[in-house]
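I have placed the structure first, in the form of structure tokens, so that the comments after it can refer back to it.
Each value in this text was obtained by applying a stated rule to the coordinates, not by laboratory testing. Small disclaimer: the values here were computed from a predicted structure and weren't measured. For neighbour counting, all protein chains shown are included, and Cβ atoms are generated from backbone atoms with ideal geometry for every residue, glycine included.
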Amino acid sequence: MAKTPEERRADKAEYMRRQRAEHPEKYRSKSREFIARHSDRIKTERNARYANNKADIRAARHGTTKALLDAVLVQQKGACAICDKPLAPWPSPATHIDHCHDTGHVRGLLCRSCNLKEGWVKKHKARLFAYLEQPPAKVIGELA
Ligand SMILES: [Zn+2]
């Protein structure tokens, strides 16, 4: 019985896998030659793919999607979740993905300023509140 096109493709793929395993240097050098011959086209196509999918590629680095970030921005009424400054849709450089550094989960979208301050406050909040309660000038009696 004749093989289906899918079976023929699977046979060819298996044959090529065996060939590459048995003659790795031959295929490595063919690959290098191909890359050298077509490097400009490869770079152009890679850059075009990145430009077309930049938002999703960068969102994936945060374990999320552009669609989810768009939904978060709608939930935040188009503004920074902390200071209400209007935000451009992500991946605008002015719109930052705030995420938990322990779990990697996205918490929301923030402006650059709030994203930086959030991390700083989280790191220093105990000393910040202690400072506000007992500023050094108050300790030496200069403030009431
Ligand atoms: Zn903000």
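Is one or more of the residues making up region 47-55 in a helix (DSSP H, G or I) and closer than 30 Å to K123 by Cα? Yes. A count restricted to region 19-58 and to residues that are loosely packed, with under 10 Cβ neighbours inside 10 Å and more than 29 Å from the chain's Cα centre (by Cα) stands at 4. Of all residues in region 70-83, those satisfying the criterion of being surrounded by 11 or more Cβ atoms within 10 Å (Cβ to Cβ) and within 16 Å of the ligand (Cβ to nearest atom) are V72, L73, Q75, Q76, G78, A79, C80, A81, I82, C83. Scanning region 96-144 for residues that are under 16 Å from L69 (Cα atoms) and loosely packed, with under 10 Cβ neighbours inside 10 Å yields a total of 1. Just one of the listed residues (A94, A126, A130) is of a type outside the set (K, R) and either touching a Leu at 6+ places or on another chain (Cβ under 9 Å) or within 23 Å of K54 (Cβ to Cβ) (or both), namely A94.
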